[in-house]
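Colleague: After the C-alpha cells below, expect a handful of questions from me.
The values are calculated or read from the model by the stated rules, or taken from the named source; none is laboratory data. Values in this document were obtained by computation on a predicted structure and should not be read as measured data. A quick note on method: Cβ atoms are made from the backbone with ideal geometry, for glycine too, and the neighbour counts reach across all protein chains shown.
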Amino acid sequence: MQAKITSFWEWQQHFADEKSCLQAIINLRWPEGFCCPRCGHQKGWLLQTRHVYECAVCHHHTSVTAGTLFHNTKLPLVKWFWSLYWVSSDKGSISALRLTKLIGVSWLTAQRLLRKLRTAMGDQNNLYKLSGIIEFDDAFIGGKRAGKRGRGAAGKTTILVACEHNDGKPGFVAMKVVEQVTHESVRAFAQQTLAPGQTLHTDALAALNVLAEEHHHIAKVTPPEMASEWLPWVHVVISNLKSYLLGTYHGVSGNYVQEYLDEFCYRLNRRFWENQIPNRLLTLCVTHDPVFLQPATCS
Ligand SMILES: [Zn+2]
C-alpha cells in the first residue's frame, strides 16, 4: 500500500471502515506479523470495536492504538485517516472549522485532532538540521496593523526563518515563534535547527551577529527593493506562509502559531514527494508517542 495511493478517492476506498484502518496500523506496528507480547504466539484475531488484538493461545489483549498518536482516541479511526490525508495532501491544508463539517465532529474535537497531527509534524521537523548556504531572516505575521520591526508591531507574532539556498532553489525550511529577535532567541533557534559550521546570509540586523559564533555569517545591509536578490528564497517562503495563514485560517495569532508553522514546514519540506506525504504522515502517527495536549505558549 505504501506510496501507491495518490488520490483521495483511492485513500477513501482503501480506508473505508474501522477494520481496514486498524489493519493498516497493525501492518505498520508489526511489519513481520503480529506477535503476542505475553506468549510470543503469532495468531489471533482483531476485536475491532475495542481496538485490541486477542492472542489465539493465551487470549491476552494487545491494544492496537495504545502508544501511538491514536492512543485512547474516542473518534472512529476512519475520521483520523481521512483527516490526515486532507492535512497532508493540500498546500492549503484544512481548518478545524472545515474539518468539523467534513467529518461531523465538534470544533474542539477537530482542533484537538489537528493539534496532535501538528505536534507530530513539528517533532519530525526537529530531526533535520539545515546545512549548506542558508538564508536567515525574521518576519512578523498576524495582527491587523502594520508594525515596526522588533517592537511596536501590535498583535503581530515574531518568527525566525531559516531556508536552505540550494543551486538557485529553496531547500529545507525551519521556523520558530520568538518573543523578540534577541541574541538569545537567535542563538537558540540556530542551535536547534542548523548543523554547525554553515554559511549564513542575513540582512545585518544587529541581533543576528551571534550567528558568527558557530557559522560563517555574511551580513549585507540591503534596501527593501534589493532584499529579494540577497535573500530570495526566505522571502518567497515567508510570503507563501502569509498566504497560507490568510487563506486557510484567515490569519492566526496567539498561542498556536508555532503549530501552524510546524504544519507548514512539514508539508513544504516534503513537496518533492508530495504523493507520499499522506502515507508518511500515517506512519508518523503510528510510530509517534501519544500526544497529551497542553495549552500552547508563545515561545
Ligand atoms: Zn499470547
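Colleague: Kindly establish whether residue 160 is at pLDDT 95 or above and surrounded by fewer than 12 Cβ atoms within 10 Å (Cβ to Cβ).
Modeller: no
Colleague: May I ask you to say which residue of 44, 92, 132, 104 is over 22 Å from residue 261 (Cβ atoms) and exposed (fewer than 15 other Cβ atoms within 10 Å of the Cβ)?
Modeller: Selected residue: 104, the only one of 44, 92, 132, 104 that is over 22 Å from residue 261 (Cβ atoms) and exposed (fewer than 15 other Cβ atoms within 10 Å of the Cβ).
Colleague: Right, next: Among residues belonging to region 53-108 that are β-branched (Val, Ile, Thr) and part of a loop (DSSP other than H, G, I, E, B), point out the one that is farthest from the ligand (Cβ to nearest atom).
Modeller: Checked region 53-108; the qualifying residue farthest from the ligand (Cβ to nearest atom) is 94.
Colleague: A further question follows. Can you pull out the residues in region 91-104 that are within 21 Å of residue 16 (Cβ to Cβ) and in contact with a Ser or Thr (Cβ under 9 Å, 6 or more places away or on another chain)?
Modeller: Across region 91-104, the qualifying residues are 94, 99, 102, 103.
Colleague: Looking only at region 26-52, filter to residues that are touching a residue at least 24 places away in the same chain (Cβ under 8 Å) and near the ligand (Cβ under 9 Å from one of its atoms); which one of those is farthest from residue 292 (Cα to Cα)?
Modeller: 36
Colleague: I'd like to verify a number: residues in region 207-257 that are touching an Asp or Glu at 6+ places or on another chain (Cβ under 6 Å) and in contact (Cβ under 8 Å) with a residue 24 or more places away in the chain, how many?
Modeller: Going through region 207-257 one residue at a time, the tally reaches 3.
Colleague: Can you find even one residue in region 224-240 that is in contact with a helix residue (DSSP H, G or I) (Cβ under 9 Å, 6 or more places away or on another chain), within 16 Å of residue 90 (Cβ to Cβ) and among the hydrophobic types (A, V, I, L, M, F, W, C)?
Modeller: no
Colleague: Confirm whether residue 113 is crowded, with 22+ Cβ neighbours inside 10 Å and at pLDDT 95 or above.
Modeller: Yes.
Yes/no per residue for (1) at pLDDT below 95; (2) at positive phi; (3) in contact with a strand residue (DSSP E or B) (Cβ under 7 Å, 6 or more places away or on another chain); (4) charged (D, E, K, R):
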residue	(1), (2), (3), (4)
23	yes, no, no, no
53	yes, no, yes, no
57	no, no, no, no
75	no, no, no, no
87	yes, no, no, no
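Colleague: When the residues of region 195-254 are filtered to those that are part of a loop (DSSP other than H, G, I, E, B) and of a type in the set (Ser, Thr, Tyr), which remaining residue is farthest from residue 134 (Cα to Cα)?
Modeller: The extreme case among them is 253.
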